[in-house]
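Remarks on the structure that follows.
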Amino acid sequence: MNRRDFLRRGLIGAVTLSVSPGVLRTAIAKPVASGDSPYGPLGEPDENGLRLPAGFTSRVIATSGAMVGTSGYVWHPAPDGGATFARPDGGWVYVSNSEVPLMGGAGAVVFDAGANVVGAHRILTGTSLNCGGGPTPWGTWLSGEEHDGGMIWECDPHGVGEGVPRPALGIFKHEAAIVDPVRHHVYLTEDQGDGRFYRFTPDTPGDLTAGQLEVATVATPDGGAVTWTPIDPNGTPFAPTRSQVPSSTAFDGGEGIYYHDGVVWFTTKGDNRVWALDCASQTLEIAYDDTMVDAPLRGVDNVTVASNGDVLVAEDGGDMQICVLATSRRRRAERTVAPIVQIVGHTASEVTGPAFSPDGTRLYFSSQRGPDLAYDAPDKAMQSSWQGVTYEVTGPFRR
């Protein structure tokens, strides 16, 4: 049972891989090296159980089931995908999904210009299994429901309204979504073993009510030119979006996605890969997989990018780390990967929702299911406390 299935079965109770011809499984075309972190080695766990490089500090900003400060808002269970949004007063909000069935949705923590927590509120209700998502250039949050009838919901992070469904972006097992602000495309991942990679082109830029949904076909298993074929977004059990174009390329468990400087980065958990799509040329390449010896990054999941281009990938399991894929668009063959944060004592959880504050000095993320509770005989599988913890790490991040 994978960690996501464990989460769903546990919460519902409380309230040989088969590869199709299109699945990308060949060796990485441009390998990366396991190298030194640009921030130096991780230290011993701090008072919050985080291993950090020298010069970095942490604090807990929210815990599932507990009120956030004096806001009156009780932080939601299973915090997942997240992003930050600037406020006019110099503060910001950190938005976080809730990946639980029936009562998922999303919430937000509000900070003033001095980084003090001054409020929290609900921004999405009435949805289920809200997993990944992505911010838009016009300041909204796209929250994806990870089930077969799931939709993308567009939300105001500042609390106005309860979220609006965007069925034109497809009815399928959504993971995450991100907008190319130059060409106005929305790229979407699908969390299925034979999931697809999608692109939505709105009829009017910035308006997600109508447009064309397309599915990707990649030239070779190692990447290459991407072509797009229109599909019906209203997938059914007999004609799901991922099977409407049989020649389209299957991706093994699409996860987090993020846009930076003309490149869309996304992850696939089934083959533990990080992908890079050049939006101008519409070419795709493998930026990372774990075929290297002693690969430091396993269980790839949520992803974000620092302002200098460093790609940060959170682990679903693995060593409960966030790893930095230090990269240069001019010298991609020289990428290195190394951990920059590790959560200790949360071995039955996953790292979710990495996002920088607007000024790039603070990194937010969660341990979705919190600290270890006990061993469960007879298989000795570690169980979590089901109490998600959301952190802030401050330090000299590269900008």
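Any read-out appearing in this document is the output of simple, stated calculations on the displayed coordinates, not a laboratory observation. Everything numeric in this text was worked out from a predicted model, so none of it was measured. Please note: Cβ atoms are built from the backbone with ideal geometry, for glycine as well, and neighbour counts cover all protein chains shown.
For segment 37-76, what does the alpha-carbon gyration tensor say about shape, rounded, prolate or oblate, given a ≥ b ≥ c as the root eigenvalues, a/c under 1.5 as rounded, and a/b over b/c as prolate? In terms of gyration-tensor shape, prolate. When you filter the chymotrypsin sites (Phe, Trp or Tyr not before Pro) in segment 168-208 for DSSP loop state and at most 16 other Cβ atoms inside 10 Å of their Cβ, nothing is left.
Need the C-alpha centroid separation for segment 177-204 versus segment 84-116, integer Å. Taking the Cα centre of each part, segment 177-204 and segment 84-116 sit 23 Å apart. Annotation: amide H of Ser37 has no partner in the under-5 Å range at sequence separation 5 or more or interchain, hydrogens built in the peptide plane.
Each part reduced to its alpha carbon centroid, segment 250-284 and segment 35-79 end up 27 Å apart. With the simple spin-label model, which puts each label point 7 Å out from Cα in the Cβ direction, the Val182 to Met103 separation comes to 4.5 nm.
Matching the structure-derived P(r) over Cα pairs in 20 Å bins from 0, in percent against the labelled list (i) 26, 61, 13, 0; (ii) 23, 40, 32, 5, 0; (iii) 30, 61, 8 gives the label (iii). Taking every C-alpha pair closer than 8 Å and separated by at least 6 residues, the mean separation divided by the residue count of segment 258-353 gives a relative contact order of 20 percent.
Net length available on complete extension from Thr201 to Arg298 is 31.7 nm, with 0.36 nm assigned per residue and the Cα-Cα distance removed. Helix content alone sets the calculated 222 nm mean residue ellipticity of the chain: runs of n ≥ 4 DSSP H residues at -39500 (n - 2.57) each, divided across all residues, give -1000 deg cm²/dmol. Under Stokes-Einstein, with the Kirkwood radius over Cα pairs as Rh, the value for segment 195-306 at 25 °C and 0.890 mPa s is 163 µm²/s. Taken about its Cα centre, the chain carries a charge dipole of about 360 debye when Lys and Arg each add +1 at the Cβ and Asp and Glu each add -1 at the Cβ.
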